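What follows is a set of notes on a single structure, which appears directly below.
The values are calculated or read from the model by the stated rules, or taken from the named source; none is laboratory data. Since the model is a prediction, treat every value here as computed from it, not as a measurement. Virtual Cβ from ideal backbone geometry, glycine too; neighbours counted across all protein chains shown. For the accessible areas, the whole protein counts, side chains as well, though only heavy atoms, and no ligand, DNA or RNA atoms are used. Shrake-Rupley method; radii C 1.70, N 1.55, O 1.52, S 1.80 Å.
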Amino acid sequence: MPQETPAVVDVSLTHPGIAYSRNVFGHFIEHFHRQIYGGLFAPGSPLSDGRGFREDVIEAMRELRPPVVRWPGGCFVSSYHWLDGVGPARRPHYDKAWRVTDPNTFGTHEFVAWCEAIGAEPYICTNAGTGTAEEMSDWVEYCNLPQGNGHWSDLRAANGHPEPLAVPYWSIGNENYGDWEMGAKTAEEWAILVRESAKMMLRVDESAVLLTAARADLDWTLPLLREAGRYLDMVSIHGYWDKLHDVNEPSPYLTAISRSLDPQDEIQHTIDIIGAASLAGKVSIAFDEWNLRGWHHPLGTSEAAISARELNEDNSTYTMADALFSASFFNSCLRRGDVVKMANIAPSINTRGPLFVHPDGIVKRSTFHVMAMYAGLLGERVLDSHGTSPELDGASVPVVDSLATLDASKSRITLALVNRDPAASVACDVRLSGHSVDGSYPATVLDGPDADAYNDVDRLDTITPRTTKVEFRSGRCVLPPHSLTMCHIDLPLHHSEGDVDAGRMLNGDWHLSTAGWHKTS
Ligand code: AHR
C-alpha cells in the first residue's frame, strides 16, 4: 500500500544556491584489521601491481571520484610514530591501540602514492596522543618542505623523493577527548597542545589546511576554539550511530533508519559552538569519521577479541538501511555545505566500508553505490528547498528526504529523493519556484529487491543502480519503497498550467528548511 499523504518538495530558483566542497565525499583508511594490510595493500597478490596496491581496489575507488583520503587513524595514530614508516628499513611496531604488530611496510610514501593512484588528495592525521608538537611539525617538514631545508626534507630526498609530497590537509590528533584514546587529554591540556602544535606546523607550511579533534560538545570545543581557533581551518567531529564496538548486533532496518536525522543535529550543535567562539565563517566542520555502523572491536588482548573483528566483514550487515542513512547523511552535510567542508566515510575499505576486499576480488556494498551516485550525479550548487513529509511509522523520521542541486552551467537541476519506507511507495509533489514539474526525466534509482537486501561475494549485484525515467504528472512522481532516486531536470522548465496546491505545503508531520528537517509543532 502506498503512503497516503504525499511529500512535497518546493525548490527555489530565485537564488543559484550555495557551492559546496566535494570533500564531503571524502574517505578514511586506518591501520585496523584488513583495511590496509590484506585490503588495499597486498604485496604478492596476483591482483596487485608492483607497489603492492590491489588494482581492482584502485579501479573501484576511482568510480567514487574520491576527493580526499584521511590516514593513518583513528585510534591507531595516537601512538604511531611516522618515522617508523619511511625509508628502506621499516621497523615493525606493536600497535597499542589495536594490540597487533604493524609491519610499517605501508607508510607515508605508500599512502601518498595510493592517493595519487585513486585521484585523491592526502590528509594526514598526526599523533597528538603520545606525540609532540615537534614530531607533528617534523612530519610536515618531511612531507612538504623543498629538499635542502634541513634534516627532514633531506631525509625525504635520501629516501628517494626529492620533490615534496605536497600533503595539503593535516589534523592534530584523533579523539583525544576519549579515555579509550592513547594519550587522552583534558580540555584545557588539549587547547594548549593544539595551539602550540598548530603554530609549529604553520611555521613549516603556512598553506597547510589545519583540522583538529573536536566534538559537538561545548566543554571540549569552546576552550579549544578560544585557545587555538585562530590557527584552525576546520574542527573534526565523528559519528557512528549504531554502536557495535562491544557487541556486534547490527540494528534492523527501522531502528537504523530512525537515526537518519542525528547527523544534522550534531552539525547544528557544532555550528552553534563555533558561533559562540565568534569564529563563524572562519572555522568550518569536517565530519571526518562517519558511518551508520560503529566498528566491532571488543576490548581485550585475547586472540578471540582480535578475531572478533572479522565480524565487521559480514556483508549481510550492509543493507538498504545503510544506503539510505548514508544518503540522508550526505543531504544533511550538503544542506549546510556553507559550513561542512569535508566528510570521510569510516572506513572506505573492509570493516564497515562501502568496498569489501577479499583475496579473489571485491564486493561493492550498498553504500558504495550511494557514494558513487552522490559523488557522480549531483550538480555543483545546493539549491534552497523547503518541503513537508509524513512521518515513517515506527521510526519518528520523515518518510521522504530530499536535496536539489544546480549544475555549474545553471541548466540542469538534479533532485536526490529518498523514500525511507521499507515497504510502501510514496507520492512526491515537486515544484520548482512554484511551477509543477511535468514530463518524463532521466533518473538513476537505487533500491534493491527489499529493505534488507545486500551484496556479497555470491550476489554482487543484488543492489545496483538502475538507469530509468521518472514520470511527473502535475508535479507528482512516485518514489519506490526503500529507494534513492536521482533525477535530472533540464532548464528552462516546461511547466504545467495547474500548480501544486500550495495548501498541501502545510500538510505533513515534518517540515524541511535550509537548517534541515524539523517536526511540525
Ligand atoms: O571504531 C574505530 C574508531 O572509532 C576509530 O579508530 C576512532 O577514531 C573512532 O573512535
With without any contact (Cβ under 8 Å) to a residue 12 or more places away in the chain, assigned by TED's automatic domain parsing to the domain that holds residue 343 and not charged (D, E, K, R) as the only criterion, which of 60, 120, 89, 97 stands out?
89
Please go through segment 352-374 and pick out each residue that is of a type outside the set (A, V, I, L, M, F, W, C) and more than 18 Å from residue 448 (Cα to Cα).
352, 353, 358, 359, 360, 361
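Mind listing whichever residues of segment 273-291 are open to solvent by 50 Å² or more (accessible area, probe 1.4 Å) and touching a His at 6+ places or on another chain (Cβ under 8 Å)?
Residues satisfying the conditions do not exist here.
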Looking at this structure, is residue 283 in the same structural domain as residue 131 (by TED's automatic domain parsing) and within 16 Å of the ligand (Cβ to nearest atom)?
no
Tally, over segment 57-73, of residues that are surrounded by fewer than 17 Cβ atoms within 10 Å (Cβ to Cβ) and part of a loop (DSSP other than H, G, I, E, B):
1
Within segment 286-304, work out how many residues are closer than 11 Å to residue 238 by Cβ and more than 10 Å from the ligand (Cβ to nearest atom).
3
Take segment 6-45 and flag every residue that is within 15 Å of the ligand (Cβ to nearest atom) and surrounded by fewer than 22 Cβ atoms within 10 Å (Cβ to Cβ).
34
When segment 292-339 is checked residue by residue, the ones that are of a type in the set (Asp, Glu), surrounded by fewer than 23 Cβ atoms within 10 Å (Cβ to Cβ) and more than 25 Å from residue 273 (Cα to Cα) are 303, 310, 313, 314
Inside segment 263-295, can you point out the residues that are under 15 Å from the mean Cα position of the chain (by Cα), of a type outside the set (Val, Ile, Thr) and part of a helix (DSSP H, G or I)?
263, 264, 266
Enumerate the pairs (first residue in segment 244-256 and open to solvent by 30 Å² or more (accessible area, probe 1.4 Å); second residue anywhere and part of a helix (DSSP H, G or I)) with beta-carbon separation below 7 Å, excluding pairs fewer than 6 apart on the same chain, so at least 6 apart or on different chains.
248/311; 250/317
By residue number, the members of segment 138-152 that are part of a helix (DSSP H, G or I) and within 32 Å of the chain's Cα centre (by Cα) are 138, 139, 140, 141, 142, 143, 144
